[in-house]
1. Could you tell me which residue of the range A:187-218 is surrounded by the most Cβ atoms within 10 Å (Cβ to Cβ), considering only residues that are in a helix (DSSP H, G or I) and at the interface with another protein chain (Cβ under 8 Å from one of its Cβ atoms)?
2. Does A:TYR108 satisfy the criteria of being surrounded by 20 or more Cβ atoms within 10 Å (Cβ to Cβ), of a type in the set (Ser, Thr, Tyr) and under 20 Å from A:ILE47 (Cβ atoms)?
3. With B:ILE244, B:ILE236 as the choices, which residue is crowded, with 19+ Cβ neighbours inside 10 Å and at pLDDT below 95?
4. B:GLY193 versus (1) away from chain A (no Cβ under 13 Å); (2) in contact (Cβ under 8 Å) with a residue 40 or more places away in the chain; (3) not aromatic (Phe, Trp, Tyr): which is the lone unmet condition?
5. Which count do you get for residues in the range B:158-185 that are more than 20 Å from B:LEU202 (Cα to Cα) and out of contact with any helix residue (DSSP H, G or I) (no Cβ under 9 Å at 6 or more places or on another chain)?
6. Does the range A:219-239 hold any residues that are away from every other protein chain (no Cβ under 12 Å) and either under 16 Å from the mean Cα position of the chain (by Cα) or among the hydroxyl-bearing types (Ser, Thr, Tyr) (or both), and which are they?
7. Looking at A:LEU235, A:LEU172, A:LEU221, which one is free of Cβ contacts under 8 Å to residues at least 40 places away in the same chain, surrounded by fewer than 19 Cβ atoms within 10 Å (Cβ to Cβ) and of a type in the set (A, V, I, L, M)?
8. Looking at B:ASP80, B:ASP66, B:ASP35, B:ASP49, which is the one that is among the acidic types (Asp, Glu), in contact with a Ser or Thr (Cβ under 8 Å, 6 or more places away or on another chain) and more than 14 Å from every other protein chain (Cβ to nearest Cβ)?
Amino acid sequence: MIYIDAHTHFGAGMPMGIPPEDAQKCVDMMDRIGMDGMVTSPPYASIKGRAFDEANELILNAMRKWPDRFFGLARINPHFRDESVKKAENYLEAGFWGIKFHPRNEGYKINDRALVFPIMEKIEKHGGIALFHTGGEIHSHPALIGDIAKKYPTVPIMLAHFGGIYSDEAMLVASWFDNVIIDTSFCRSPHIIEKGVEIAGVSNLVYASDYPQGSIELDTLKVELADISKRDKELILGKNIKGILENVEGIRR
Amino acid sequence: MTVIDAQAYIGESIYLKCPFTRELLVKRMKENNIDISVVTAMHPAIGQDYSSGNELIREAVQSFPDKFVGLYRANPWYKDDELVKMRRALEDWARGVRIDPFHDSFSPISVEKGEVSLNPLVEGLFKIVAEFDVPVVVPNSYSSFCTPEVAVLLASIVPDVTIMTNLAQMAFLLDHLFLKLTNIRYLTAPLRGGSEGVDSLLGSAIEIMQNKIVFSTEVPWGYPEFELKVIELTNINEGVKKRIMGENIQGTIRI
């Protein structure tokens, strides 16, 4: 079985001293639990001067050393406008698998045309995943993802945390757009995953934990407890994200 | 250690593939080493009248008196008719009441000119529960009818009645910092888990109000397996765990 976590964080500055700050420790942890790889991006705590430059570098180095285990998404604060767009392009050219957006933590709307769309254009051009934090605040409402999904239909757009309290809206958006993928991190119940399979379709769901803020053990347990087929569980736990990464790789070649 | 689930359901719902029977609940309890469940009728009821759901709960507690403790589910919009039925249930089998501001669309409180008072719609209900000295479950949610703050304010204006509501950060902070309530209990489900599985919200609540926290699963909407796993990973001291898993609710419902 392929086991890949589609949403994790990695790097210095994790809150409360949460591991791992060390790539080797993270690889050891994956080996111990039988995890093949993780899609990862810098944590909020690694922000310095409102940007994530150092943390992105740390992930880039880890990806170079373990290219089959770490699939890094560079984290960008779009408020730096042209500089952010340039950085995003540089990171994508350097080998990042996409960009992580956090509308709540950096303070903008998911579908902000001035801040988000120019970066999306670079992802579309170079190939990559766009991961958006969703849930809670109106800035991060999953329905806004539809605006981006429609404009950039070739970009896989991952919607984090199953839309949080707006899980129904997340499922609907994913059912309307083939390129919208829901990550299961912190989803409220295995029932939400069952409903997601029914409404959004299993191909639009990927297992994620938001590790280390979230728990790999608990979020995996939610998938295991869901009343869905073994095949669907395998797709969610790794096959789907593997397929998405392979497609991105195809575009980048 | 006696493990009591303070919030479980029995019955039929349009949201379930098949009815969740008392036998199925007993099976789930056995699988998860839960000794007793506090059970309530499911939503949504036909016409939002919980009569048939309450009847299933009555049958369940009479069939498994050592396994189930029943709550009467009341919809205050049925006004006096509901109060008559509720009183009868409290005399007969119910050990508490549940109202649901979100599903049945009302607020339990009124706020006018800076004063908080009971919504007249639930005044009669609270008189009766005070008379019987039983708790009332009032779930809080994102609905403006009953936010976490509303649930806590409700408890502050009905000092003779114990209110049981969900463990929400704004609720227990408002309680802990300002209101210092003795008549409120916080139901744990659904737990979220966090870094290394530790639920930081539960951890903080335990630090400041361990006697007010009661374990719950919300089965079949929730999963006992998941809730118990989070409790396990949160590394709670054994003495505190004993209180949360059973003793606190025993004191509240007199099980």
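The values are calculated or read from the model by the stated rules, or taken from the named source; none is laboratory data. Since we're looking at a predicted model, the values are computed, not measured. Here Cβ is always computed from backbone atoms with ideal geometry, including for glycine, and neighbour counts include all displayed protein chains.
1. The first filter runs over the range A:187-218 and keeps only residues in a helix (DSSP H, G or I), leaving A:190-199, A:202-204, A:216-218.
Then drop every residue that is not at the interface with another protein chain (Cβ under 8 Å from one of its Cβ atoms), which leaves A:190-191, A:217-218.
Details: A:PRO190: 21, A:HIS191: 20, A:GLU217: 16, A:LEU218: 23.
Within the range A:187-218, the match that is surrounded by the most Cβ atoms within 10 Å (Cβ to Cβ) is A:LEU218.
2. Numbers: surrounded by 20 or more Cβ atoms within 10 Å (Cβ to Cβ): no; of a type in the set (Ser, Thr, Tyr): yes; under 20 Å from A:ILE47 (Cβ atoms): yes.
Taking the combined requirement at face value, the residue does not satisfy it.
3. Details: B:ILE244 fails: at pLDDT below 95.
Step by step, each of B:ILE244, B:ILE236 is checked, and only B:ILE236 is crowded, with 19+ Cβ neighbours inside 10 Å and at pLDDT below 95.
4. Unmet for B:GLY193, out of (1) away from chain A (no Cβ under 13 Å); (2) in contact (Cβ under 8 Å) with a residue 40 or more places away in the chain; (3) not aromatic (Phe, Trp, Tyr): (1).
5. Kept after step one, since they are more than 20 Å from B:LEU202 (Cα to Cα), are these residues of the range B:158-185: B:158-162.
Filter once more, keeping what is out of contact with any helix residue (DSSP H, G or I) (no Cβ under 9 Å at 6 or more places or on another chain): B:159.
Final tally of qualifying residues: 1.
6. From the range A:219-239, those away from every other protein chain (no Cβ under 12 Å) are A:228-239; that's our starting set.
Hits for the range A:219-239 are A:SER229, A:ILE236, A:LEU237, A:GLY238, A:LYS239.
7. On the way: A:LEU235 fails: surrounded by fewer than 19 Cβ atoms within 10 Å (Cβ to Cβ); A:LEU221 fails: surrounded by fewer than 19 Cβ atoms within 10 Å (Cβ to Cβ).
Answer to the check: A:LEU172.
8. Values: B:ASP80 fails: in contact with a Ser or Thr (Cβ under 8 Å, 6 or more places away or on another chain); B:ASP66 fails: in contact with a Ser or Thr (Cβ under 8 Å, 6 or more places away or on another chain); B:ASP49 fails: in contact with a Ser or Thr (Cβ under 8 Å, 6 or more places away or on another chain).
Residue meeting the stated conditions: B:ASP35.
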